[in-house]
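Remarks on the structure that follows.
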Amino acid sequence: MYLIDGVQVEKENFILPVENIGVWRGDGIFEAIRIHEGYPFGIDLHIERFKKSASKVFFDDINFENIKNDILLVAENFQNGYVRTLILRNEKDTFNVFCFYQPPIDVPAYFTLQTQKAYWQSGGDFIEQDVFNIGTKSTSYAMNISHTRQAELNGYTDALLVNRENIILEGPTWTFGWILNDKIHVPDLDLGILDSITRKYLIRFGEEKKLDVSIGRLAEDELETIQCGFVLSTAKHAIPVSKINEIDYSHHPLINEIQETFKNEVNIERP
Ligand SMILES: Cc1ncc(COP(=O)(O)O)c(C=O)c1O
C-alpha cells in the first residue's frame, strides 16, 4: 500500500524526482512503526518524535493529524510488518509525505557486533537540548549504513558505534542495551544518540516497576564486565548479542523478560 500526501497510488507511481533535495541531500525525516495485528505500536510516541524531528530541521506546516491517519490506514490493512513514513523536501521548497507498507523483515536470533568509532557523531560533545538538530530522525543515514557495511565485511552482523572517548553510543539503526549485575542498562541521550521509542518504552517499564532499568554509560573497555548486550528497535524488541569484537556472551534470562514485557505492552496498548 502506497500513499503520497494521503492519496493512494499504485507502486509504479510511488516515485519522486531526483531533483528533490530530499533525494540528493537527504533533506528529509522519517519514522518506521511496527504493525501488530493491524495496530501500529507506539504510534503516539512516533508522531511526537516526528514533530520534534520536523521542528529541528525547519519542516514547517506539516499536518501530523493527516499523517497519523495515513499510518493507521496502512496498518489496519496488515497483520504484521511496518509502516514507513518519510517527509521529504521537494524542488518547490515544500514537502511531500510518502507512507508505505513494508513486509516483515528477517531478524537474526543473535547479533555479533564490532565496535567502530563514529567520528562524525556528536557523541556527547554537546547537550541534546542545547543543539537544535541533534537527535533528529533524518533520512541522512549514509554514515550509519557505512558502519554496517564495514562490520559485515569483517564478518559481524553489525557495528556498535563508540565516540572518541570509546563510550558506547548505539548501533547504526538501533539502540544498544546491556545487562550488568543482573540489571538492564541503556545509554543516556546526552551522548547524542537517537531518542529511540523502544528505549523510551524500556525506561517506562522501569518506572512502572515491570523491569529494573538504569540509564548510564558503558566504556568499550568495560565490555568485558557485562553479562550480555541486546539490540533494541522498533523492528527488534531485544535481540541478544552473542559476541562483541572477540568477547563471547551467553544468553541472559532478562532478555526474555524484556521481550515478554514488550509483548504484554503491545496487548495492553492495542485497542
Ligand atoms: C540510529 C538509531 N538508533 C536507535 C534506533 C531505535 O529507535 P526506535 O526504537 O525508535 O526504533 C534507530 C531506529 O531506526 C536508529 O536508526
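A few remarks follow.
- Estimated from helical segments only, the mean residue ellipticity of the chain at 222 nm is -8000 deg cm²/dmol, where each DSSP H run of four or more residues counts as -39500 (n - 2.57).
- Put simply, the convex hull of the Cα atoms in the chain casts, on average, a shadow of 14.4 nm².
- A 1.4 Å probe run over the chain, with the rest of the protein chains in place, finds 48 Å² accessible per residue.
- Computed from the C-beta positions of GLU260 and ASN166, the FRET efficiency with R₀ = 41 Å rounds to 0.80.
- Fraction of accessible area attributable to carbon and sulfur, the stretch 1-138 (%, probe 1.4 Å): 51 percent
- Expressed as a whole percent, the accessible area of the stretch 155-211 that falls on carbon and sulfur atoms is 45 (1.4 Å probe).
- Here the relative contact order of the stretch 2-102, from alpha carbon pairs under 8 Å that lie six or more residues apart, stands at 39 percent.
- Extension gain from SER250 to LYS92, taking 0.36 nm per residue of separation minus the Cα-Cα distance: 51.5 nm
- Antiparallel %, DSSP beta bridges [both residues in the stretch 111-269], to 5: 60 percent
- Largest-first ellipsoid semi-axes for the stretch 1-115, taking √(5λ) over the Cα gyration tensor eigenvalues, angstrom: 23, 18, 16
- A compact globular protein would have a Cα radius of gyration near 2.2 N^0.38 Å; the ratio found for the stretch 123-197 is 1.16.
- Gain upon complete extension [VAL107, ARG270; 0.36 nm per residue less C-alpha separation]: 56.4 nm
- Residue with peak Gaussian network fluctuation, the chain [Cα springs, cutoff 10 Å], from PHE132, PHE59, PHE111: PHE132
- Averaging Cα coordinates gives a centre for the stretch 132-150 and one for the stretch 45-59; these two points are 16 Å apart.
- Over the stretch 111-269, Cα pairs under 8 Å with separation of 6+ residues give a relative contact order of 25 percent.
- Look at the dipole of the chain built from charges on Cβ: of ALA118, SER55, PHE98, the Cα furthest out on the positive end belongs to PHE98.
- When each of the peptides 161-170, 99-108 is scored by how many other beta carbons lie within 10 Å of its residues on average, the order from highest to lowest is 161-170, 99-108.
The values are calculated or read from the model by the stated rules, or taken from the named source; none is laboratory data. Predicted model only: the values in this text are computed from it and were never measured. Methodologically, a virtual Cβ is constructed for each residue, glycine included, from the backbone with ideal geometry; neighbour enumeration extends over all protein chains shown. Note: accessible area is taken over every heavy atom of the protein model, side chains too, but ligands, DNA and RNA are not part of it. Shrake-Rupley method; radii C 1.70, N 1.55, O 1.52, S 1.80 Å.
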